Amino acid sequence: MNSKPQKSHRPAGLPHRDSANARRADELLWDRRADSVSRRGFLGRLGLVSMSAAVGAKIVFGDKLPSGLIPVALAQSTAPFQIMGKEGLMVMNDRPLVAETPAHLLDDAITSAKHLFIRNNGLAPTPEMLDPDTWTLEIAGESCEQPTTFSLKELKEKFQPQTLQMVLECAGNGRSEFNPPATGNQWTTGGVGCPQWTGVRLADVLRHCGVKKNAVYVGYYGADVHLSGDPKKSAISRGVPITKALEDESLLVFAMNGEPLPWQHGHPLRLMFGGWAASTCGKWVKKIVIRDREHDGEKMTGHSYRMPRHPVAPGSKVPAEDMVVIEAMPVKSLVTFPKSGSSHPCAEQLTVRGHAWVGEGAVASAEVSFDFGITWRQAELDKPANRYAWQQWRTTVALPKKGYYEIWARAVDDQGRAQPMILPGWNPEGYLNNSCHRIAIQAV
Ligand SMILES: Nc1nc2c(c(=O)[nH]1)N[C@H]1C(S)=C(S)[C@@H](COP(=O)(O)O)O[C@H]1N2
Ligand SMILES: [Mo]
């Protein structure tokens, strides 16, 4: 376990090379016989099109790019090359594409599409595979009375639209701080955002199809392709207990911030489960199954998105039967202003602000410290726009003398649970790090 720690923001494209299927995946991803009708040709187009989309421009000599070579633009995080539709994201991996948002770019109350992190587990479908006019969603499974296939148009016509602002946070957000390190994407703090989502209630759709009494779980299937290229495997197929699926805020989403859902975020249809690990929020969703048992799709079992049932010593091996599925996310906060590393005249009032959120319930208080946690001051805290939205907080501080400071933020939820100052309990996959966010400030 943890034999290959990866450094944060190492050049993208190099990890996963050592995985068993890497060569095969490379062949599939990079095959250039674009006109071939074979599956490989299809994936070849997929590779080049997504790579072009990812670097934000057509790769002019794309046909001459050596097989397996990753455009160097993807190893750089900033302009002029960016992921299509994105601004300032840090690319952690290119296959699958994973990119996080620096905290100061999350300053807005509602996260814009250009600043929302991306987490793909497989190969995203290309934009031309995602036609809203022909898109269908199938509801099936052993606990579904009336298996039904809806067109997107039918979903929009049959069911009442809902708009809610809800936090989307990857369960691995913060992973880079754990020691011993966990393998996987080395998220710092940017695997989170809080856009406004518009869709229909999943409950309305499921009830329309009939939920049998023995239903315990729902699972999703999306249109993305497993990294190995194996059409029989899903990139990811997770879900939530039926009680969560039937909550008023659990949505089948087709718009974000009033625009059609962006390509990278699941266009034309995705799931949103407020406050839960974002891996439950299936993108490009084609099928939802109502299960009579805990869903057992890709990344539901083993150690994926699971935590030890009991606290474990750092670095220990935890048997699979002692791992339980992650549900709601813990209380957390971000300092989104000022930008870490900036300077401010000493003794002058400095505005400090950010967001705080918790997977279940609400945030009760947000505090900041600039003396390494010795004293804390209460920030002004807004109510959430709705259940599962993050809450804005703000305060002012005057840094007494010239020199280096850290501003720490800490949120406490309405059950009295506070963020830990350093790190929460270690776990094998490095999930749920909700330790205090720290930024550096120089008083000049
Ligand atoms: N079909 C599909 N859905 C998916 C994923 C994926 O790879 N494929 N990734 C999941 C994970 S792990 C996360 S954190 C969120 C990321 O959503 P975003 O890319 O829109 O930010 O989508 C979830 N839904
Ligand atoms: Mo995730």
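The values are calculated or read from the model by the stated rules, or taken from the named source; none is laboratory data. Remember, it's a predicted structure, so these values are computed and weren't measured experimentally. Cβ coordinates were reconstructed from backbone atoms using ideal geometry, including for glycine residues, and neighbour counts include every protein chain displayed. Only protein heavy atoms, including side chains, enter the accessible area calculation; ligands, DNA and RNA are left aside. Shrake-Rupley method; radii C 1.70, N 1.55, O 1.52, S 1.80 Å.
Worth pointing out:
- By accessible area with a 1.4 Å probe, ligands and nucleic acids excluded, highest first: order of Thr134, Thr301: Thr134, Thr301
- Between Lys156 and Val324, the modelled labels are 4.2 nm apart [label points 7 Å from Cα along Cα→Cβ].
- Loop GluC sites (Glu not before Pro), the range 298-402 (other Cβ atoms within 10 Å of the site Cβ: 13 or fewer; DSSP): Glu348
- Only beta bridges with both residues in the range 332-443 are counted; by DSSP, about 90 percent of them are antiparallel.
- Sparse-neighbourhood loop sites, GluC sites (Glu not before Pro) in the range 155-213 - DSSP loop, at most 16 other Cβ within 10 angstrom: none
- Cα gyration tensor shape for the range 288-444, rounded if a/c is under 1.5, else prolate or oblate: prolate
- Area of Met84 that stays accessible when all protein chains are in place (1.4 Å probe, Å², to 10): 90 Å²
- Protein-only accessible surface at a 1.4 angstrom probe places the residues Ile407, Ile422 in the order Ile422, Ile407, largest first.
- On full extension, the segment bounded by Leu423 and Arg309 gains 39.3 nm, given 0.36 nm per residue less the C-alpha separation.
- Asp133/Ser112 FRET efficiency (R0 25 Å; Cβ-Cβ; nearest 0.05): 0.40
- Charged-residue dipole, Cβ positions (Lys, Arg, Asp, Glu), the range 175-233 about Cα centre, Debye nearest 20: 380 debye
- Global form of the range 230-343, assessed from the alpha-carbon gyration tensor, a/c cut-off 1.5: oblate
- Within the accessible surface of the range 274-395, defined with a 1.4 Å probe on protein heavy atoms only, the carbon and sulfur portion equals 51 percent.
- Whole-Å distance, taken between Cα centres, linking the range 282-341 and the range 193-257: 16 Å
- Taking Cβ atoms as reference points and 10 Å as the exclusive limit, the residues near Val192 contribute a net charge of -1, counting Lys and Arg as +1 and Asp and Glu as -1.
- C-alpha center-to-center spacing [the range 124-167, the range 386-443] in angstrom: 37 Å
- Computed with a 1.4 Å probe on the full set of protein chains, the accessible area for Met307 sits at about 40 Å².
- Solvent exposure of the range 332-443 amounts to 44 Å² per residue of accessible area, where only protein heavy atoms count and the probe is 1.4 Å.
- For the range 92-325: rounded, prolate or oblate by the Cα gyration tensor [a/c cutoff 1.5]: oblate
- Only Lys, Arg (+1) and Asp, Glu (-1) charged, at Cβ; the range 335-414 dipole about Cα centre in debye: 280 debye
- Pairs from the table (Lys283/Lys317; Lys283/Lys383; Lys156/Lys383; Lys86/Lys283; Lys339/Lys401; Lys244/Lys283) lying more than 25 angstrom apart at Cα are Lys283/Lys317; Lys283/Lys383; Lys156/Lys383.
- Among Pro345, Thr395, Ala409 - extreme Cα towards positive end, dipole of the range 332-443, charges at beta-carbon: Pro345
- For Glu154, the solvent-accessible surface computed with a 1.4 Å probe is close to 70 Å², ligands and nucleic acids excluded.
- Modelled FRET efficiency - R0 22 Å, Glu380 with Lys402, Cβ distances, 0.05 increments: 0.20
- With every protein chain in place and a 1.4 angstrom probe, the accessible-area ranking of Thr148, Thr243, largest first, reads Thr243, Thr148.
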